[in-house]
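Visitor: This structure is in C-alpha cells; I'll ask about it shortly.
The values are calculated or read from the model by the stated rules, or taken from the named source; none is laboratory data. Treat the numbers as computed from the prediction; the structure is a model and nothing was measured. Heads up, the Cβs are rebuilt from the backbone with ideal geometry, glycines too, and the neighbour counts pull from every protein chain shown. Each accessible area value is taken on the protein alone, full model and side chains, heavy atoms only, with ligands, DNA and RNA left out. Shrake-Rupley method; radii C 1.70, N 1.55, O 1.52, S 1.80 Å.
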Amino acid sequence: MKEQLEAMRRTAEEQIKNFNLRSELEAFRVSFLGKKGELTAILKQMGKLSAEERPAMGQLANEVRAYIENQLTEKSEELKKKELRDRLQKEKLDVTMPGERRELGHKHPLSIVLDEVKDIFFGMGFDVATGPEIEWDYYNFEALNIPKGHPARDTQDTFYITENMLLRTQTSPVQMRVMEKQKPPIRIIAPGRVYRSDAVDATHSPLFHQIEGLVIDEGITMGDLKGNLETFAKRLYGEETKIRLRPHHFPFTEPSCEIDVSCFRCGGKGCPMCKGEGWVEILGAGMVHPKVLQNGGIDPEKYSGYAFGIGLERIVMFRFEIDDMRLLYENDLRFLSQF
Ligand code: DAH
C-alpha cells in the first residue's frame, strides 16, 4: 500500500506538470481525489491493515493528498497567469500605430478676412445688423435717394423678381432697415451677399460681398469717419498704413468719398500689386444724406452720421495678393489650402 501511494504521488506529479488547460486539472482532481477517485479507493483498503500499520499509512495518505492538492493549486495559478498573458498578447493594442487621419477643413479666405473685419469693428463698439438678400426696390434704391431713372441704377443692374422686388445690389439697404427700427445712437456693420448682373471675369462676379457700415449720433462729423476708418485700415493692414480720401459721388451720402490705403506691399512707392499707384481703393463712404436720414425717420437737424461700404473680395484679394477673383469661388482645394 505504501508503494501504491508513492507511485500515485509520482504519476500525479508527472501528469500535472504536463497539463496545459485548467479544465484538464479539474478532471484530474476528480479522478484522483474525488469520491470515486483512486486515492479514495486506496483508503478503502485501510480496513485490511493491522492496527499498528494503520496510523502510519493514514498519515502517508494524507501527505500524498495534501501534496497533490498543492501541486494542483500551483499549476492552476500558473495556468491562470499564462492564460492572461496569452489573452493580453492577442488583444494587444499598439497605441503607436498611425491612426486614421480625418482631414480638418479651415476657414475660407473670405471668412478669414470677414472675421477680422468684424473683430476690428466690435472693438470700436459696432454691432452686426442683417437684411434680406431679396430686397424691395424701395430699400435698395428709392429710399437711398436713387429714384427710378437715376443713372446710378445703370451701374447696378441686377436680377429682378418682380418690378419692385430684386436681389439687392448693395448692403446699403440695411442702413434704412436699421434706421426704421432703431433710434440713434446707431453704430453697426452689415456684412452680406450682393448681386449684380455682371459677366464673370477676373474682377467681376454676379455674386459678391460687401460690408456696410453706419454710424449715427448727435455731432458726428467727417472727422469721425476719417478717424474710425483710418483705425480700421491700420488694424487690417498694419500700423504703418496711411489712408487717402478722394472726393466721389454716391446718391445717399453728401459729401462722399472713396478711401484708398497705401499699398502694404511697396509702402506707397508703386509696385505691380497697386499697379504702380502706391494706393489701393478699399471702400466708399460719406456723410449720410439728410434725405436718407429723413426717409429712415431720423431728424437731420438733430442727428448726423456717416456710412461706408467695403468690398470684401477687394480687400481679401489685396490682403492675400490674389489676382483673379474667380479663385475665391471655384473651391479648388489646391488654392484654398494655402490660407
Ligand atoms: N453701396 C455702395 C456701392 O455698392 C458702396 C457705398 C458707398 C456704401 C458709400 C456706403 C457709402 O454706405 O456711404 O457702390
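Visitor: Mean-square fluctuation check for the chain, GNM, Cα pairs under 10 Å: which of Ser205, Ser23, Ser256 is largest?
Guide: Residue with maximal mean-square fluctuation among Ser205, Ser23, Ser256: Ser23.
Visitor: Remind me, relative contact order of segment 2-91 in percent, using alpha carbon pairs under 8 angstrom and six or more residues apart? Please report the intermediate quantities before stating the final value.
Guide: Values: 45 pairs, mean separation 36.1, N = 90.
Once normalised by length, the contact order is 40 percent.
Visitor: Now, a different point. In the calculated pair distance distribution of segment 88-151, what percentage of Cα-Cα distances lie above 18 Å?
Guide: The proportion of pairs with Cα distances above 18 Å equals 72 percent.
Visitor: Please work out how much length the chain gains when fully extended from Asp115 to Lys35, using 0.36 nm per residue of separation minus the C-alpha to C-alpha distance, in nm with one decimal.
Guide: 20.3 nm
Visitor: Now a separate question. Please report the relative contact order for the chain, taking Cα pairs under 8 Å with a sequence separation of at least 6, and give it as a percent rounded to a whole number. Please list the in-between numbers first.
Guide: Working: 486 pairs, mean separation 47.5, N = 339.
It comes to 14 percent, rounded to a whole number.
Visitor: Averaged per residue, what accessible surface does segment 57-146 expose to a 1.4 Å probe, in Å²?
Guide: Working: 6300 Å² over 90 residues.
Using a 1.4 Å probe on heavy atoms only, each residue of segment 57-146 averages 70 Å².
Visitor: How big is the gap, in Å, between the Cα center of segment 26-91 and the Cα center of segment 195-264?
Guide: 97
Visitor: Quick check on segment 109-336: take the gyration tensor over C-alpha atoms, sort the square-rooted eigenvalues as a ≥ b ≥ c, and tell me if it's rounded (a/c under 1.5), prolate or oblate.
Guide: Details: a/c = 1.73, a/b = 1.22, b/c = 1.42.
Cα axes put segment 109-336 in the oblate bin.
Visitor: Separate question: With θ set to phi - 60°, apply the Karplus curve 6.51 cos²θ - 1.76 cosθ + 1.60 along segment 28-34 and write out the HN-Hα couplings as whole Hz, x wherever there is a Gly or Pro.
Guide: Each residue of segment 28-34 in turn: 5, 4, 4, 6, 9, 9, x Hz.
Visitor: Also: Restricting to DSSP loop positions (anything but H, G, I, E, B) with no more than 15 other Cβ atoms inside 10 Å of their own Cβ, which chymotrypsin sites (Phe, Trp or Tyr not before Pro) remain in segment 134-229? The partial results should precede the final answer.
Guide: On the way: sites: Trp136, Tyr138, Tyr139, Phe141, Phe159, Tyr160, Tyr195, Phe208; in loops: Phe141, Phe159.
Here the chymotrypsin sites (Phe, Trp or Tyr not before Pro) that fit, given the DSSP loop and packing criteria, are Phe159.
Visitor: Same structure again: For the ranges 168-180, 260-272, what's the packing order if you count other beta-carbon atoms within 10 Å of each residue, average per peptide, and put the highest first? Write out the running numbers ahead of the final one.
Guide: On the way: 168-180: 23.9, 260-272: 17.2.
My ranking of the peptides, most packed first, is 168-180, 260-272.
Visitor: Continuing with the same structure: With a 10 Å cut-off between alpha carbons and a GNM built on the chain, which of Leu39, Leu207, Leu312 moves the most?
Guide: Ranking Leu39, Leu207, Leu312 by mean-square fluctuation puts Leu39 first.
Visitor: In the chain, what percent of the accessible surface is made up of carbon and sulfur (1.4 Å probe, ligands and nucleic acids excluded)?
Guide: Values: 9940 of 19510 Å².
C and S atoms contribute 51 percent here.
Visitor: Where the only charges are on Cβ atoms (+1 Lys, Arg; -1 Asp, Glu), what is the dipole of segment 2-91 about its Cα centre, to the nearest 20 debye?
Guide: Details: 19 positive and 17 negative charges, 54 e Å.
Charge dipole of segment 2-91: 260 debye, to the nearest 20.
Visitor: From the Cα gyration tensor of segment 99-206, with a ≥ b ≥ c the square roots of its eigenvalues, which class applies: rounded if a/c is under 1.5, or else prolate if a/b is larger than b/c, or else oblate? Each step should come with its number before you reach the end.
Guide: On the way: a/c = 2.52, a/b = 1.36, b/c = 1.86.
Verdict is oblate for segment 99-206.
Visitor: Turning to a different aspect of this structure: What net charge do the residues around Met317 carry, taking every other residue with its C-beta under 10 Å from that of Met317, with Lys and Arg at +1 and Asp and Glu at -1?
Guide: Details: positive: Arg314, Arg319; negative: Glu313, Glu321, Asp323, Asp324.
With Lys, Arg at +1 and Asp, Glu at -1, the net is -2.
Visitor: Keeping all protein chains in place, calculate the accessible area per residue for segment 219-292 (probe 1.4 angstrom), answer in Å².
Guide: Values: 3540 Å² over 74 residues.
Result: 48 Å² of accessible area for each residue.
Visitor: List the cysteines in the chain whose Cβ has no other cysteine Cβ under 4.7 Å from it.
Guide: Isolated Cys, the chain: Cys257.
Visitor: Another one. Return the single residue from Gly309, Gly213, Gly99 with maximal mean-square fluctuation; model: Gaussian network over the chain, springs between Cα atoms under 10 Å.
Guide: Maximum fluctuation in the GNM of the chain, among the listed residues, is at Gly99.
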